[in-house]
Amino acid sequence: MPDGEPFAGVLVGFADALRRAGLAVGSGDLLTYCAAMARLDPADLIDLYWAGRATLVIRSGDIPAYDRVFREYFLAAGDPAREALMLNAQVTGQAEGAVLDVPATDPGAGQDQDEEEAQLGWVASDAETLRRKSFAACTPEELAALRRIMTRIRLTPPKRRTRRTRPARTGRAPDMRRTVRQSMRVGGEPADLRWRRRTVKLRPLILILDISGSMADYSRNLLQFAYSAKRAAARVEVFCFGTRLTRLTRALAQKNPDTALEQAARAAFDWEGGTRIGASLDAFVRDWGRRGLCRGGVVVICSDGLDRGDPEVLATAMERLARLSHRLVWMNPHKGADPAFRPSTVGMMLAAPHIDLLLSGHDLRSLEELAALLPALN
C-alpha cells in the first residue's frame, strides 16, 4: 500500500460518493476498507472493487448503486482517482479488465446504458483477445498480464466418495447408534430413524511439467498456472522434468508468487535443456506413484512429446501411470486450437493409448478449459 495522502484521499472520496448515492457508509467501514487495501494492490481494480464491496456494502439492495458509483468514480475518463492510483489503461485492459466482473445495473441519471457499457467494452475485448493468443506469440508485457490473470484461476479437483460415513438428515444407511441413543433419551420410546451418508473428498491433482528447451515458450506460463493451482487446492503436487524429475511442491507453497517461482527455478537445474520424458515418468512412478501419491488422482502432463530417451521406457511408464491414476490428461501446446490434431511424434504416439483427455495448453483459454473440466473428471 503506497504511503501518502493521495491514496487515502481517493478511498475517502469514494466513500463520500457512496454516501451521496444513499449508502450508509460509516467511518468504521472506511477504516476497514483502508485496512483491507493495505494488504492488497491499490492499482488493481479487482482488489478495489471486492474490498469495497465486502466492507462498505451492508445490504444486498445497495449493490447496484455501489456498482454504478464504482464505475463512475474509478473508470470515468479524466477522473483524478485513476491518476492518483496509477491505474494504467493499457495494463488494465490486458489484466484487470479480463477478470473484473461488475454486474450490470441501470444507468444513472443522464447516463446512457450504451455509453456505460462502452467504458468497459474495450477492456473486455482486449482481454478476450489476449486469452486466445498463444504464449509463444505474446510480448513480454502481454505475458506479464497473462500471469496476473492466472493468479486468479481457481481449480477444483474432482471429488470421490469414500468408504467412511458421516451423520446426515437423509441417506441409505441407517445410523443405529444415534437412533438408539435418541430413543434412550425419551425413555425407550420409538424415535425418528437417524441416517449416515458416505463422505466426499477431493481427488489428488498431480501436475508434471516439461521444462525442456522445446517447451521454452510455454513452460514458465505453465509453472505460473501450477502455482495458482497449488494455492487454490490443498491436494496438489507439482513436478517438472527435462532430463530428470524434480518435485516443486514445496517451492510453490510460498505465498509470494515471485519467491515461489524463483525457488522453483533454482530447484530445477535442467531448465530449457534436453528431454527424457520416459525416464522422468518412470522415476515418478517408482519414487512417488507406487507410494500412493497419484492413486485415485488426476495426473496432468504438460509436454510436446519430443522424447530423446528409450521409447520402450516411455510406453511402460505411461501404462503403469494410467493404471495407478484415476484420469490421465495430456496437454500438448502443438495441438493448439485444431480439433483434428493427431499425435505425430514418437512420444505422443506411445502415450496416446493411455491418455483420457488431450488438451493444448498453448494459451490462457486452454488452461481455463482444463480448470472447468477438472470437476467433471469423476
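Read-outs: derived from the displayed coordinates by stated rules, not from any lab. Given the structure is predicted, the values throughout are model-derived calculations rather than measurements. For neighbour counting, all protein chains shown are included, and Cβ atoms are generated from backbone atoms with ideal geometry for every residue, glycine included.
With label points built 7 Å along Cα→Cβ from the Cα atoms of Arg163 and Arg295, find their separation and express it in nm.
A separation of 1.1 nm, rounded to one decimal place.
Would you mind checking which residues have amide H under 5 Å from Glu237's amide H? H placed 1.01 Å from N; only 5 or more apart, or other chain.
Residues meeting the criterion, in which the H sits 1.01 Å from N, are Leu205, Ile206, Leu207.
Among all the lysines, which ones have a C-alpha under 21 Å from Lys230's C-alpha, if same-chain residues fewer than 8 places away are not counted?
Correct list for Lys230: Lys159, Lys201, Lys255.
Which of rounded, prolate, oblate describes segment 205-376, given a ≥ b ≥ c as roots of the alpha-carbon gyration tensor eigenvalues and a/c under 1.5 marking rounded, otherwise prolate only if a/b is larger than b/c?
Working: a/c = 1.24, a/b = 1.19, b/c = 1.05.
Rounded is the answer for segment 205-376, as its axis ratio a/c remains below 1.5.
Any idea what Rg and Dmax come out to for segment 159-298 if you just take the C-alpha atoms, in Å?
23.1, 76
Quick one: 3J(HN,Hα) in Hz for segment 355-364, Karplus 6.51/-1.76/1.60 with θ = phi - 60°, rounded, Gly and Pro as x.
Computed from phi, the couplings for segment 355-364 are 8, 8, 8, 10, 10, 9, x, 8, 9, 5 Hz.
Straight-line reach from Lys133: which lysines fall under 21 Å, measuring Cα to Cα and dropping same-chain residues less than 8 apart?
Counting by Cα, and skipping residues close in sequence, Lys133 has these lysines nearby: Lys335.
Principal axis extents for segment 162-202, Cα atoms only, whole Å, descending order, please.
Each principal axis gives a Cα extent; for segment 162-202 these are 42, 13, 11 Å.
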